[in-house]
Amino acid sequence: MLNSRASGILLHPTSLPGKFGSGDLGADAYRFVDWLVSAGQSYWQVLPLGEIGPGNSPYMSRSAFAGNLLLIDLTELADQGWLEQDDLEALPDFSADRVDYGLTQSFRIERLHRAAKRFLSTNSRMRHEYDSFCEEEGDWLRDYALFMAIAEHQDGREWDSWPDELVRRDEQALRNFETRYADEIGFWKFGQWCFARQWLRLKEYANSHEIRIIGDAPIFVAYQSADVWAHQELFKLNESGRPTVVAGVPPDYFSETGQLWGNPVYRWDAHEQTGFVWWIARMRHAFRHADLVRVDHFRGFAAYWEIPADAPNAIGGQWVAAPGEQLFHALKHSFPQLPIIAEDLGIITPDVAELRDKFELPGMRVMQFAFGDTEANPFLPHNYVSNTVAYTGTHDNDTTLGWWSSLPDREKTFAQQYLHSDGQAIHWDMMRALSASVANTVIFPMQDVLGLNSEHRMNFPGKPSGNWEWRFTWSQIESEQSQKLARISAEYERTRAK
């Protein structure tokens, strides 16, 4: 899939400009696509589009299928007649450069409720489209809407604390709930219809301008999710529905105690017995919403770090083998092109590389990891292979200027010698070196294009708060930056004729 040279930008849609507290799928998203074209780019890597979970992270969503309702363009809902113009009065406390998720969520969800009530109580000309969406997406949408509505009525308690008949998913109890709370369930379905309708329209616009979307599929799902509640047999849970073990990673570059993610882990034997139907459905959904999908924590398909559920940190876990080859054979049978990028960072053992290469999946290289040892470092550009997606840094890294400011002198000296750089514009020197490499695909965080410091970092793994809040403003983008990025992409044959 990535067999031609191209360049792209990493930016979550919440980081876009916009007047309603966070970026969304409205006019500024289309303007960003236009900017990508003007800057000679071919990819927009968006990160997960699901709702946020603890720490504002979209990697802990309550559904592997549902979109983030905070991304819905409220202006378009007003254009449809489902909101009044007064509903579009932004709050004075909204910030242009940070997302206040508490403030933004209450504002946006309240207006979505108003729009849903108006839409569902009238004979809208689009009602047939909505009904068709609910039917076509019914395999996951019913469970999601039920889960969200029940969780609300249960004051957010985790699903294993719900009434027993709902924990066990007694069908009559579920139908009774659907009848009694039809309006609440309709709201959650309406929100997903709006998200899907707006996102697919934006994707179509991007594709028509030769911009391809790189999506993101977290390997694990949150415990407090419709997926685990609806498919309890597919996860390692005890008789009460609680996880017996959870996922994470051992101590690494980011944390001395590892990362205790807390996600339940899969009962892979149960997945195999079904022919991996849940995974196939999940990836079919992901491929519809993106042209390629970065699969997070790819090494977990070879072996994953399993931690006792009551452990205080990730140190005491163990590696457990996973049937990655069988899974990817099943996926390739359903999707012969298999448009997947393998996030193969972290502790990579030969079996992980073998799995990646067997299915000819591009791996990832991050240049910020390149200067810690010798010229043999696999993150140095001269060691890349063409089937690679190379980054200056990812959403989990500091910005390149922030990284540079705290880099040890020895590594700085190595980087300057390697890049023939005086360090004054290290972000551009690194982007140019990646663009010159044999890697078919290079991706730059928007913060690096703008030359921003650590204050603009997107995520800090292991840090419980302050993440996923960064936003840019159009005033930060100078024509010189756009032109320079376009020149670099053109010089190294990464610009398609547009």
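The values are calculated or read from the model by the stated rules, or taken from the named source; none is laboratory data. Treat the numbers as computed from the prediction; the structure is a model and nothing was measured. Don't worry about glycine lacking a Cβ; one is built from the backbone with ideal geometry, like all the others, and counts go over all protein chains shown.
So which residues in segment 85-101 are surrounded by 10 or more Cβ atoms within 10 Å (Cβ to Cβ) and not charged (D, E, K, R)?
Within segment 85-101, Leu88, Ala90, Leu91, Phe94, Ser95, Ala96, Val99, Tyr101 meet the criteria.
Leu200: assigned to a helix (DSSP H, G or I), within 27 Å of the chain's Cα centre (by Cα), closer than 28 Å to Phe235 by Cα and not basic (Lys, Arg), yes or no?
No: the conditions fail for Leu200.
For segment 79-118, which positions are of a type in the set (A, V, I, L, M) and under 18 Å from Gly23 (Cβ atoms)?
Leu88, Ala90, Leu91, Ala96, Val99, Leu103, Ile109, Leu112
When segment 463-493 is examined, which residues are found to be surrounded by 14 or more Cβ atoms within 10 Å (Cβ to Cβ) and closer than 27 Å to Trp261 by Cα?
Asn467, Trp468, Glu469, Trp470, Arg471
Val449 - would you say it is crowded, with 22+ Cβ neighbours inside 10 Å, in a helix (DSSP H, G or I), of a type outside the set (S, T, N, Q) and under 21 Å from the mean Cα position of the chain (by Cα)?
yes
Look through Ile348, Ile341 and report the one residue that is in a loop (DSSP other than H, G, I, E, B), of a type in the set (Val, Ile, Thr) and either free of Cβ contacts under 8 Å to residues at least 12 places away in the same chain or farther than 19 Å from Tyr266 by Cβ (or both).
Answer to the selection: Ile348.
From the set of residues in segment 133-167 that are free of Cβ contacts under 8 Å to residues at least 24 places away in the same chain and in a loop (DSSP other than H, G, I, E, B), which is nearest to Gly241 (Cα to Cα)?
Residue satisfying both the conditions and the ranking: Trp162.
On the basis of being modelled with pLDDT of 95 or more and assigned to a helix (DSSP H, G or I), does Thr413 make the cut?
yes
Kindly indicate whether Asp351 is among the acidic types (Asp, Glu) and more than 28 Å from Ile213 (Cα to Cα).
Spelling it out, Asp351 is indeed among the acidic types (Asp, Glu) and more than 28 Å from Ile213 (Cα to Cα).
Can you find even one residue in segment 60-79 that is of a type in the set (A, V, I, L, M, F, W, C), over 19 Å from Gln192 (Cβ atoms), free of Cβ contacts under 8 Å to residues at least 12 places away in the same chain and buried (at least 16 other Cβ atoms within 10 Å of the Cβ)?
yes
List, please: which pairs have Cβ atoms under 9 Å, are six or more places apart or on different chains, and start with a residue in segment 240-263 that is touching a residue at least 60 places away in the same chain (Cβ under 8 Å) and charged (D, E, K, R) and end with one that is in a loop (DSSP other than H, G, I, E, B) and surrounded by 20 or more Cβ atoms within 10 Å (Cβ to Cβ)?
Arg242/Tyr223; Asp252/Gly258
Those residues that are over 29 Å from Trp468 (Cα atoms) and either assigned to a strand (DSSP E or B) or not basic (Lys, Arg) (or both), I need them from segment 87-125; list them, please.
Matches in segment 87-125: Phe119, Leu120, Ser121, Thr122, Asn123, Ser124.
Has segment 149-167 got at least one residue that is surrounded by 14 or more Cβ atoms within 10 Å (Cβ to Cβ), among the aliphatic types (A, V, I, L, M) and in contact with a Gly (Cβ under 8 Å, 6 or more places away or on another chain)?
yes
Of everything in segment 56-76, what is of a type in the set (S, T, N, Q) and within 17 Å of Ala286 (Cβ to Cβ)? Give them in sequence order.
Across segment 56-76, the qualifying residues are Ser61, Ser63, Asn68.
Just wondering, is there one or more residues in segment 32-53 that are out of contact with any Phe, Trp or Tyr (no Cβ under 8 Å at 6 or more places or on another chain), among the acidic types (Asp, Glu) and part of a helix (DSSP H, G or I)?
yes
One residue is enough: does segment 415-429 have a residue meeting the conditions touching a strand residue (DSSP E or B) at 6+ places or on another chain (Cβ under 9 Å) and under 16 Å from Gln41 (Cα atoms)?
no
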